[in-house]
Amino acid sequence: MDLKIRQAQEHEIDVLLEFEQGIVAAERPFDDTLEEGEIHYYDLLELIKSPEAEVLVAVVGSELVGSGYAKIVDAKPYQKFARYVHLGFMYVKPDHRGQGINKLILEALLSWAKERNISEVRLQVYDQNDSAIIAYSKVGFKPNLLEMRIEI
């Protein structure tokens, strides 16, 4: 497999938006508060252009097969670090899953954070999304906080 991890390009926005909808579709079973129809979590063009973010894609041949982003975020004043990196937009096309692509994207994003002297990296995952939790755990992530909600 001729796999490369590289920065996303603005002209690839249509494929990136398809990936985003793949993420939304995968997360709908875990979150009944999501609106129906097409929704967007990210401003992908802004992330691609931002010096405080890195959007990566996995490419096999000439086909984009996966994605992820890292974004530098200011920490809360009570935390022991001033800034951290938030990860998101983690997606691998279904026919390319199970090949370690997500791990390679994560490792590249973690390297990007280290190059910026940021040692805290966080992401969000639905507590029932066992496959994602297992994948992130394999790279070293640990559970930190469970958000709870009630509809009244």
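The values are calculated or read from the model by the stated rules, or taken from the named source; none is laboratory data. The shown structure was predicted, so the numbers you read here are calculated from the model rather than taken from an experiment. We place every Cβ from the backbone using ideal geometry, glycine too, and count neighbours over all the protein chains shown. For accessibility, only protein heavy atoms count, side chains too; no ligands or nucleic acids. Shrake-Rupley method; radii C 1.70, N 1.55, O 1.52, S 1.80 Å.
Summary of computed values
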read-out	value
All positions within segment 7-33 that are surrounded by 14 or more Cβ atoms within 10 Å (Cβ to Cβ) and part of a loop (DSSP other than H, G, I, E, B)	A8
Test set (1) open to solvent by less than 100 Å² (accessible area, probe 1.4 Å); (2) farther than 24 Å from F19 by Cβ; (3) outside any loop (DSSP other than H, G, I, E, B) - S131 fails condition number	(2)
Test: P51 is closer than 22 Å to N144 by Cβ, part of a loop (DSSP other than H, G, I, E, B), out of contact with any helix residue (DSSP H, G or I) (no Cβ under 9 Å at 6 or more places or on another chain) and not acidic (D, E)	no
Number of the exception - Y78 against (1) of a type in the set (F, W, Y); (2) buried (at least 16 other Cβ atoms within 10 Å of the Cβ); (3) farther than 22 Å from I133 by Cβ	(2)
Selection within segment 108-136 - among the polar types (S, T, N, Q) and closer than 23 Å to A53 by Cα	S111, N117, S119, Q124
Residue within segment 65-81 that is in contact with a strand residue (DSSP E or B) (Cβ under 8 Å, 6 or more places away or on another chain) and more than 23 Å from E46 (Cα to Cα) present	no
Of all residues in segment 96-127 being without any contact (Cβ under 8 Å) to a residue 12 or more places away in the chain and outside any loop (DSSP other than H, G, I, E, B), the one that is surrounded by the fewest Cβ atoms within 10 Å (Cβ to Cβ)	E115
Cross-chain or 6+ apart pairs with Cβ under 6 Å, segment 42-56 first and of a type in the set (F, W, Y), then not in a loop (DSSP other than H, G, I, E, B)	Y42/F89
Subset of segment 82-95 (residues that are open to solvent by 50 Å² or more (accessible area, probe 1.4 Å) and under 22 Å from Y41 (Cα atoms))	R83, K93, P94
Every pair of residues 6+ apart whose Cβ atoms lie under 8 Å, when the first sits in segment 17-31 and is farther than 15 Å from D130 by Cα while the second is of a type in the set (V, I, T) and open to solvent by less than 30 Å² (accessible area, probe 1.4 Å)	V24/I39
